[in-house]
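This report refers to the structure that appears directly beneath it.
Coordinate-derived values only; no laboratory data. Just so you know, these numbers come straight off a predicted model, no measurement behind them. Methodologically, a virtual Cβ is constructed for each residue, glycine included, from the backbone with ideal geometry; neighbour enumeration extends over all protein chains shown.
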Amino acid sequence: MLRNIPENHPRAKSLQIRELLVDGFRSGIVVEEGLIAHGRGEAFDYLIGEISTEQALKAMKSAVALMILAERPVISVNGNTTCLCAKEVVKLAELTSARIEVNLFYRTYEREVAIERLLKANGAKEVYGVGSRASATIPELMSDRRRVDPDGIYTADVVLVPLEDGDRTEALVKMKKKVIAIDLNLLSRTSQKATVTIVDNVVRAMPKMVQLAKQYAHLQESKLQKLAYGFDNTKNLEKSLQYILKGLKSRD
Ligand code: PTJ
């Protein structure tokens, strides 16, 4: 049950997101550690002023173009992402012809099924990676995240990983896949190693990416390629860091 947060509370939005996650935890979708991970995200969100920055928007444009151009795009989802954006995950998958795969760090069959159920309740027709379907292995990865669907992440050319932990991004890049990360922590290994890093909250980024996918549906391939490849992730991350530092300095 969601607690009632007064609309005029100065931090209403942020408190409502917390309530969603606590509810997701109670219904077996979010893991305890997911609540802690969200706290780390919130701290970084505070530093970027809880807005989608110009840099985040640039990264989103490249990411959506990459997904549309991809032959086998996959959206990899975990507990937090499904809890916060199931509807947008399904919509973005539809618009970019991407598959949706459940890939959990704290993997249990019960959670996989609960996540699949929520995605299907939001319109997903097929969900990859659940149970014995995750029969392929990402090389050199020790966590449970190494188990992937041979028809999903394993053979994908572009993988969207919202809210990722640690070393999987690096392993996927080594497999020659393009990895799109959504991570508020711009200093994380995921952010640094991804092909495109969207430094934004998933709750803001995913609806914007759905809008962009609608806009780009009929865009010429040459324009999509320009958006997808005319993007420099290292430079963009550096600008995001400068943005935070400038914001902090202006408080002196
Ligand atoms: O559902 P599971 O079992 O796959 O577990 C999911 C968690 C999130 C617990 C697991 O992947 C994990 O431990 O992740 P980390 O290592 O804490 O990394 C999560 C990253 O996402 C951190 O860099 C956070 O700053 C960032 N983050 C947290 N909340 C958000 C976020 N980024 C964008 N939007 C958010 N709402």
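As an exercise, identify the trypsin sites (Lys or Arg not before Pro) in region 80-189 lying in DSSP coil whose Cβ has no more than 12 other Cβ atoms within 10 Å. Answer in residue order: 125, 176. Taking a ≥ b ≥ c as the square roots of the eigenvalues of the Cα gyration tensor, an a/c ratio of 1.5 or more together with a/b no larger than b/c marks region 141-252 as oblate. DSSP assigns beta bridges within the chain; of those with both partners inside it, close to 10 percent run antiparallel. Among the listed pairs 13/91; 174/223; 13/125, which are separated by more than 25 Å between their Cα atoms? Beyond 25 Å between Cα atoms: 174/223; 13/125.
Applying 0.36 nm per residue to the separation of residue 234 and residue 217 and subtracting their alpha-carbon distance, the gain on full extension is 3.4 nm. For residue 92, the shell of other residues with beta-carbons less than 11 Å away shows a net charge of +2, using +1 for Lys and Arg and -1 for Asp and Glu.
Shape class for region 1-140, computed from the alpha carbon gyration tensor (a ≥ b ≥ c): oblate, with a/c not under 1.5 and a/b at or below b/c. Distance between the modelled labels on residue 32 and residue 242, one decimal in nanometres: 4.4 nm (7 Å Cα→Cβ projection).
Around the amide H of residue 182, modelled in the peptide plane, lie the amide H atoms of 161, 163, 164, 198, all under 5 Å away and 5 or more residues distant in sequence or on another chain. Modelled this way, with points 7 Å down the Cα-to-C-beta line, the labels at residue 192 and residue 140 are 1.5 nm from one another. Dividing the helix sum by the residues of the chain, where each DSSP H run of 4 or more adds -39500 (n - 2.57), gives a mean residue ellipticity at 222 nm of -16500 deg cm²/dmol.
Each Lys or Arg adds one and each Asp or Glu subtracts one; over the other residues with Cβ under 12 Å from the Cβ of residue 142, this totals +1.
Projecting label points 7 angstrom from Cα along Cα→Cβ for residue 5 and residue 71 puts them 4.4 nm apart.
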